[in-house]
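Asker: Okay, here's the structure, questions in a sec.
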Amino acid sequence: MSAQPTPTPPLPPHPADAAQPQTPPPAYRVALLAFDGMEAMDFAGPFEVFTTAARMHARTVAAGAHNRLPQALQPPLFTVTTVAPTQAAVVARAGLRVLPDLDCAQHARNGTPADLLLVPGGVVDAAMACPVIRQWVQATAATATWTGSVCTGAFILAAAGVLHGRATTHWEDLDDLRQRFPALEVVGGVQWVDQGRVLTSAGISAGVGMSLHLVSKMAQHAGLDGPALAQRTARQLETPWNPLP
């Protein structure tokens, strides 16, 4: 009877395989407020940044030669849910109509708190006075890891009792923010102010810069190369990005 061949021992794991995480980084949930009179770019700019960052991260994962998880099992790094006081179409300042994913009550009931709350600016007087918006912003910010505002969205955060300390807004509205909320330290000449959990940005396009900063910060918090992802996202959007405010 002939001898059985000796089985070939398994190869040792590739060093790059050992360096890869066994599970994907956390998927971040972004809740983006929409309201009548909002500035369209304050809303759409951050939406594009976070959805593009999710695509850029997915491409990096798919290109990884030693990735352990099938791409189908990789959740998006960022998912954006748009939320409004009702499910009716929101009419932005210049007439753009936006259909929200959820109303505030639905979002509050769905049991998945946001990791990041983002509040755009625009014509904010009615939004500041709306109890549904104020209560939702206050409750969502209480459980979110980060909260941010773009432009005059800072007024909504302040009206909801969420904003304290240093803050910024559109250059035209700096004095108004100081007068309405004298306890704030309102600063100009910056693209954004990062207080750790709460961030505010200057007007309109500055919200894109703050959102890229948040992409970097949140990705780094997940153990990824945050600055590289933010830079790749900015390049995909063909927008300059300065990591300093």
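Asker: So Cys151 fits all but one of (1) buried (at least 23 other Cβ atoms within 10 Å of the Cβ); (2) more than 19 Å from Tyr28 (Cβ to Cβ); (3) in contact with a strand residue (DSSP E or B) (Cβ under 6 Å, 6 or more places away or on another chain); (4) not β-branched (Val, Ile, Thr); what number is the exception?
Answerer: So Cys151 meets the others, but not (3).
Asker: Right, another one. Is it the case that the range 224-232 has a residue that's closer than 22 Å to Gly165 by Cβ, of a type outside the set (Phe, Trp, Tyr) and not in a loop (DSSP other than H, G, I, E, B)?
Answerer: no
Asker: Looking only at the range 164-183, which residues are among the β-branched types (Val, Ile, Thr) and either at positive phi or touching a residue at least 40 places away in the same chain (Cβ under 8 Å) (or both)?
Answerer: Once the filter is applied, which keeps residues that are among the β-branched types (Val, Ile, Thr) and either at positive phi or touching a residue at least 40 places away in the same chain (Cβ under 8 Å) (or both), the range 164-183 yields only Thr169.
Asker: Out of all the residues in the range 1-50, which are within 18 Å of the chain's Cα centre (by Cα), modelled with pLDDT of 85 or more and either part of a loop (DSSP other than H, G, I, E, B) or exposed (fewer than 10 other Cβ atoms within 10 Å of the Cβ) (or both)?
Answerer: Passing the criteria: Ala27, Ala34, Phe35, Glu39.
Asker: Are any of the residues in the range 184-195 touching an Asp or Glu at 6+ places or on another chain (Cβ under 7 Å), part of a loop (DSSP other than H, G, I, E, B) and either touching a residue at least 12 places away in the same chain (Cβ under 8 Å) or not acidic (Asp, Glu) (or both)?
Answerer: no
Asker: Any residue in the range 103-117 that's closer than 7 Å to Ala144 by Cβ: show its pairings with residues that are in a helix (DSSP H, G or I) at Cβ separation under 6 Å, as long as the two are six or more apart or on different chains.
Answerer: What qualifies is Pro113/Thr143; Ala114/Thr140; Leu117/Thr140; Leu117/Ala141.
Asker: Hand me the list of helices (runs of 4 or more DSSP H) wholly inside the range 81-156 holding 1 or more residues that are within 20 Å of the chain's Cα centre (by Cα).
Answerer: Passing ranges, in order: 104-109, 131-143.
Asker: If you take the residues of the range 196-210 that are surrounded by fewer than 17 Cβ atoms within 10 Å (Cβ to Cβ) and touching a residue at least 12 places away in the same chain (Cβ under 8 Å), which of them is nearest to the chain's Cα centre (by Cα)?
Answerer: Of everything passing the filter in the range 196-210, Arg197 is nearest to the chain's Cα centre (by Cα).
Asker: A further question follows. Which of (1) closer than 15 Å to Glu39 by Cα; (2) surrounded by 15 or more Cβ atoms within 10 Å (Cβ to Cβ); (3) touching a Gly at 6+ places or on another chain (Cβ under 9 Å) is the odd one out, the single condition Val98 does not satisfy?
Answerer: Here Val98 clears every test but (3).
Asker: Just wondering, is there one or more residues in the range 103-115 that are in contact with a Lys or Arg (Cβ under 7 Å, 6 or more places away or on another chain) and at pLDDT below 95?
Answerer: yes
Asker: On to the next question. Filter the range 211-225 for residues that are under 9 Å from the mean Cα position of the chain (by Cα) and of a type in the set (A, V, I, L, M) and give the result.
Answerer: Passing the criteria: Leu212, Leu214, Val215, Met218.
Asker: When Ala53 is evaluated against the numbered criteria (1) assigned to a loop (DSSP other than H, G, I, E, B); (2) aliphatic (A, V, I, L, M); (3) in contact (Cβ under 8 Å) with a residue 40 or more places away in the chain, which criterion, by number, is the only one it fails?
Answerer: Unmet condition: (1).
The values are calculated or read from the model by the stated rules, or taken from the named source; none is laboratory data. Please read all numbers here as calculations on a predicted model, not as lab measurements. Reconstructed Cβ throughout: ideal geometry from the backbone, glycine too, with neighbour counts over all protein chains shown.
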